[in-house]
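The values are calculated or read from the model by the stated rules, or taken from the named source; none is laboratory data. Please read these numbers as outputs of a predicted model, since none were measured by experiment. Quick reminder, even Gly has a Cβ in these numbers, built from the backbone with ideal geometry, and neighbours come from all protein chains shown. Protein only, heavy atoms only, side chains kept; ligands, DNA and RNA dropped before computing areas. Shrake-Rupley method; radii C 1.70, N 1.55, O 1.52, S 1.80 Å.
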Amino acid sequence: MSLAETIGLYLSEKRRILDAFPVSVLERAAEMLFATYDQGGIVYAMANGGNAGTLDHFYCDFKHHPFVTEDKTRPLPAGVRRLSFVNLCGSAAELTGLVNDIGFEDMFAAALAPVVTPKDLVMAYSGSGNSANVTKALDVAVAAGARTFAMTKGDGGRCRDLAEVCLVVPGTSRFPGQVGKNDNNFHFEDLMLSVNHILVGLLKERVAAHAAS
């Protein structure tokens with residue numbers, strides 16, 4: 001297969017995934033986000049590896065983008081409620097401290113357990129759906145009565161059973177680097193950012209409507 005054909009393979013796979021994308025599941029996730037915002041709850045997010053880095057992008061977008069004017073020249077009035085967003089991967093010091101003290105599998109659960117409430121939304125990202133540090137934190141969130149959203153791929157793993165709403169990226173891949181155990185991983189990671197942008201845009205629309213009323 002030529003370079004152009006291999007590139008085309010990636011793009012054709014992406015188009016098939018987008019055509020089969022579970023829009024209704026993301027709609028339910030948006031409704032949970034709105035309820036969390038309306039109730040003054042906190043959004044907590046967690047992931048591993050490169051996806052943990054993507055959560056820095058999430059943090060910036062969720063915390064700031066819905067709360068500025070369309071031209072970004074000024075913030076919305078101070079009386080407009082902001083969204084509290086906590087990136088559980090945001091502090092290398094906290095993560096390495098928790099791993100050192102209590103172990104990798106419990107690091108997110110330990111950070112979440114003292115603070116999560118039923119008003120909150122816990123967002124979990126795991127390609128396999130079985131990352132132990134993610135599933136243990138979902139156990140904590142469910143026990144606390146919090147809203148839970150997971151995004152995964154394949155068969156969804158344990159996340160599919162644990163999360164109130166679980167978005168499973170459809171499809172499979174033949175593109176180099178995302179076959180076998182990593183099947184569809186690049187597409188999953190690409191769509192993480194798309195999900196972020198969709199949710200942030202929907203929240204911005206809702207915030208602007210409330211600010212204008």
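Restrict the check to the range 153-174 and report whether at least one residue is part of a helix (DSSP H, G or I), touching a residue at least 40 places away in the same chain (Cβ under 8 Å) and not small (Gly, Ala, Ser). No, every residue in the range 153-174 fails to be part of a helix (DSSP H, G or I), touching a residue at least 40 places away in the same chain (Cβ under 8 Å) and not small (Gly, Ala, Ser).
Please indicate, with yes or no, whether at least one residue in the range 139-146 is within 17 Å of the chain's Cα centre (by Cα), of a type in the set (A, V, I, L, M) and surrounded by fewer than 18 Cβ atoms within 10 Å (Cβ to Cβ). Within the range 139-146, one or more residues are within 17 Å of the chain's Cα centre (by Cα), of a type in the set (A, V, I, L, M) and surrounded by fewer than 18 Cβ atoms within 10 Å (Cβ to Cβ). Within the range 108-133, no residue that is modelled with pLDDT under 95 sits with its Cβ atom under 6 Å from a residue that is among the polar types (S, T, N, Q) and open to solvent by 60 Å² or more (accessible area, probe 1.4 Å) at 6+ positions apart or across chains. So which residues in the range 87-106 are open to solvent by 50 Å² or more (accessible area, probe 1.4 Å) and either in contact with a strand residue (DSSP E or B) (Cβ under 7 Å, 6 or more places away or on another chain) or free of Cβ contacts under 8 Å to residues at least 24 places away in the same chain (or both)? Passing the criteria: Ala92, Ala93, Glu94, Thr96, Val99, Asn100, Asp101, Ile102. Summed over the range 184-213, the residues that are surrounded by fewer than 18 Cβ atoms within 10 Å (Cβ to Cβ) and not in a helix (DSSP H, G or I) give a count of 1.
Here is a yes/no grid of residues against (1) over 23 Å from Phe186 (Cα atoms); (2) in contact (Cβ under 8 Å) with a residue 12 or more places away in the chain:
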residue	(1), (2)
Ser2	no, no
Leu9	no, yes
Asp19	no, no
Ala35	yes, yes
Phe58	no, yes
